[in-house]
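A.B. asks: Before I ask anything, here is the structure I am working with.
The values are calculated or read from the model by the stated rules, or taken from the named source; none is laboratory data. The model shown is predicted, which means the values in this text are computed figures rather than measured ones. All Cβ positions, glycine included, derive from the backbone under ideal geometry; neighbour counts span all protein chains shown.
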Amino acid sequence: MADKDGLKIAKDYHVSEPFANMGGSYIKGAAGLDWGMRKHLSHIFDPKSGNTVMFAFDHGYFMGSTAGLERLDIVVPKLMPYIDCLMGTRGALRTCIPAENRKAVALRVSSGSSMLNDDLSHEVVAVDIEDAIRMNADCMAVQTFIGADGQLQSLDNLSRVINAGFKYSIPTLGVVAVGKDMERTDRYFKLATRIIAEMGVQMVKTYYCDNFEEVVAACPVPIVVAGGKKLPEAEALTMAYRSIQGGARGLDMGRNIFQSDHAVEMAQAIGKIVHEGFTDKEALEFYQDAIH
Ligand code: R5P
């Protein structure tokens, strides 16, 4: 086992210096990737802003029917004009979302737990690469439990998906999972995002935290910020703004959009921050004007 005694605390993140190895790509960490991977990533990250609005509606994979997502076939299509990427399960996508659309797809491929388990950290790879190819997925999302009981299984799942993804040029999105007893600090997110990035993913989903710009600086692939539990709209917009200011390349938001009383306007307001440089205050004004 590696000697953990006397480890120095990492502290010099050069947050004001841009990533040094862009290599002609507008996507962080993509310089060494092949054409197919870069093409998929360009479907997810808007070439103009470099950012993405992902709409997460994959909750059913462990929560079943979720408040606000009772009817995927009605809810999701209404929001599609205002988002860049659909994050869902193959079951939801195939049954409820018309194939005739031009949105990127982040396909949830890990599964194995449910709200009835105390420990959600034991998952398997539930979707094989051939099905991801058939669905024309632009990335495959794997829940990753660092520091949890299921860490080994989780990293094994992640590795299998990354290996298959490299074989067929489909990016992998590593999703940092945070159990109810796990800390939500920059110390933890630096550890988790960096481990996941060094496993070989092309993008990471994690949570916003204090010192977020250091989390971003230390992660060599784009970070998209998870929405998390429903917040008042003003707070969710501030979290989105701070995430983008801190270097996130997008938001992957579910409940803070679909559980809003005005989901369409909320998705639009998030898009203003992500793509148009709106502040949280400006986005809130936009939202309030739009709902009245
Ligand atoms: C969490 O990371 C999972 O992927 C979710 O099922 C989902 O994407 C969460 O979205 P939100 O927390 O924004 O509702």
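A.B. asks: In region 57-112, which residue that is among the basic types (Lys, Arg) and within 15 Å of the ligand (Cβ to nearest atom) is surrounded by the most Cβ atoms within 10 Å (Cβ to Cβ)? Let's see the steps before the verdict.
C.D. replies: Taking region 57-112 first, the residues among the basic types (Lys, Arg) are 71, 78, 90, 94, 102-103, 108.
In the following step, the residues that additionally are within 15 Å of the ligand (Cβ to nearest atom) were identified as 90, 108.
Numbers: ARG90: 19, ARG108: 28.
Per the stated criteria, the residue is ARG108.
A.B. asks: Enumerate the pairs (first residue in region 34-61 and within 18 Å of MET22 (Cβ to Cβ); second residue anywhere and basic (Lys, Arg) and modelled with pLDDT of 95 or more) with beta-carbon separation below 8 Å, excluding pairs fewer than 6 apart on the same chain, so at least 6 apart or on different chains.
C.D. replies: Here the result reads PHE45/ARG249; GLY50/ARG249; ASN51/ARG249; THR52/ARG249, each pair linking region 34-61 to a residue that is basic (Lys, Arg) and modelled with pLDDT of 95 or more.
A.B. asks: Looking at (1) small (Gly, Ala, Ser); (2) touching a residue at least 60 places away in the same chain (Cβ under 8 Å); (3) away from the ligand (no atom under 15 Å from the Cβ); (4) out of contact with any Ser or Thr (no Cβ under 9 Å at 6 or more places or on another chain), which one does ALA290 not meet, given that it meets all the others?
C.D. replies: It is condition (2) that ALA290 fails.
A.B. asks: Among the residues of region 247-258, is any away from the ligand (no atom under 16 Å from the Cβ) and either touching a Pro at 6+ places or on another chain (Cβ under 9 Å) or under 24 Å from ALA197 (Cβ atoms) (or both)? Give the derivation first.
C.D. replies: To start, the set of residues in region 247-258 that are away from the ligand (no atom under 16 Å from the Cβ) comprises 247, 249.
If we keep only those that are either touching a Pro at 6+ places or on another chain (Cβ under 9 Å) or under 24 Å from ALA197 (Cβ atoms) (or both) too, we end up with 247, 249.
Yes.
A.B. asks: Select, from ASN136, ASN157, the only residue that is surrounded by 23 or more Cβ atoms within 10 Å (Cβ to Cβ), more than 24 Å from VAL216 (Cβ to Cβ) and either of a type outside the set (Phe, Trp, Tyr) or at pLDDT below 95 (or both). Quick ask: steps written out before the conclusion?
C.D. replies: Numbers: ASN136 fails: surrounded by 23 or more Cβ atoms within 10 Å (Cβ to Cβ).
Selected residue: ASN157, the only one of ASN136, ASN157 that is surrounded by 23 or more Cβ atoms within 10 Å (Cβ to Cβ), more than 24 Å from VAL216 (Cβ to Cβ) and either of a type outside the set (Phe, Trp, Tyr) or at pLDDT below 95 (or both).
A.B. asks: Could you list, in sequence order, all residues of region 272-287 that are assigned to a helix (DSSP H, G or I) and either under 19 Å from LYS48 (Cβ atoms) or in contact (Cβ under 8 Å) with a residue 12 or more places away in the chain (or both)? Full working, then the answer.
C.D. replies: First, pick out the residues of region 272-287 that are assigned to a helix (DSSP H, G or I): 272-276, 280-287.
Those that are assigned to a helix (DSSP H, G or I) and either under 19 Å from LYS48 (Cβ atoms) or in contact (Cβ under 8 Å) with a residue 12 or more places away in the chain (or both): LYS272, ILE273, VAL274, HIS275, GLU276, ASP280, GLU282, ALA283, LEU284, PHE286, TYR287.
A.B. asks: So ASP73 clears everything in (1) of a type outside the set (Lys, Arg); (2) part of a helix (DSSP H, G or I); (3) modelled with pLDDT of 95 or more; (4) under 26 Å from VAL201 (Cα atoms) except one condition, right? Which one?
C.D. replies: (4)
A.B. asks: Related question: Cβ-Cβ below 7 Å, separation at least six or inter-chain, first residue in region 216-238 and under 18 Å from THR206 (Cβ atoms), second among the basic types (Lys, Arg) and within 16 Å of the ligand (Cβ to nearest atom): which pairs?
C.D. replies: VAL224/LYS205; ALA226/LYS205; GLY227/ARG255; LYS229/ARG255
A.B. asks: So which residues in region 129-163 are touching a Ser or Thr at 6+ places or on another chain (Cβ under 9 Å) and among the hydrophobic types (A, V, I, L, M, F, W, C)?
C.D. replies: Hits for region 129-163 are CYS139, MET140, ALA141, VAL142, PHE145, ILE146, ALA148, LEU155, LEU158, VAL161, ILE162.
A.B. asks: Taking region 220-240 as the region of interest, how many residues are away from the ligand (no atom under 16 Å from the Cβ) and more than 21 Å from ARG108 (Cβ to Cβ)?
C.D. replies: 2
A.B. asks: Let me ask another. Return the pair list, or none, for Cβ contacts closer than 9 Å from residues in region 88-100 that are part of a strand (DSSP E or B) to residues that are aliphatic (A, V, I, L, M) and surrounded by 10 or more Cβ atoms within 10 Å (Cβ to Cβ), at least 6 apart or on different chains.
C.D. replies: GLY88/ALA56; GLY88/LEU72; GLY88/VAL76; GLY88/ILE97; GLY88/VAL105; GLY88/ALA106; GLY88/LEU107
A.B. asks: I'm trying to understand the selection: among the residues of region 107-130, which are of a type outside the set (D, E, K, R), touching a residue at least 24 places away in the same chain (Cβ under 8 Å) and farther than 19 Å from LEU86 by Cα?
C.D. replies: Residues satisfying the conditions are SER113, SER114, MET115, LEU120, SER121, HIS122, VAL124, VAL125.
A.B. asks: Being within 16 Å of the ligand (Cβ to nearest atom), among the hydrophobic types (A, V, I, L, M, F, W, C) and in contact (Cβ under 8 Å) with a residue 60 or more places away in the chain is the filter here; which residues of region 176-215 pass it?
C.D. replies: MET203
A.B. asks: Need pairs with beta-carbon distance below 7 Å; first residue assigned to a loop (DSSP other than H, G, I, E, B) and within region 259-271, second modelled with pLDDT of 95 or more and more than 16 Å from the ligand (Cβ to nearest atom); sequence gap 6+ or separate chains.
C.D. replies: Filtered contacts from region 259-271: HIS262/ILE291.
A.B. asks: Within region 251-291, take every residue that is acidic (Asp, Glu) and over 18 Å from GLY228 (Cα atoms) and give me the one that is surrounded by the most Cβ atoms within 10 Å (Cβ to Cβ). Before the answer, list the steps.
C.D. replies: Step one: filter region 251-291 for residues acidic (Asp, Glu), giving 252, 261, 265, 276, 280, 282, 285, 289.
Checking which are over 18 Å from GLY228 (Cα atoms) leaves us with 265, 276, 282, 285, 289.
On the way: GLU265: 20, GLU276: 13, GLU282: 16, GLU285: 14, ASP289: 10.
Of everything passing the filter in region 251-291, GLU265 is surrounded by the most Cβ atoms within 10 Å (Cβ to Cβ).
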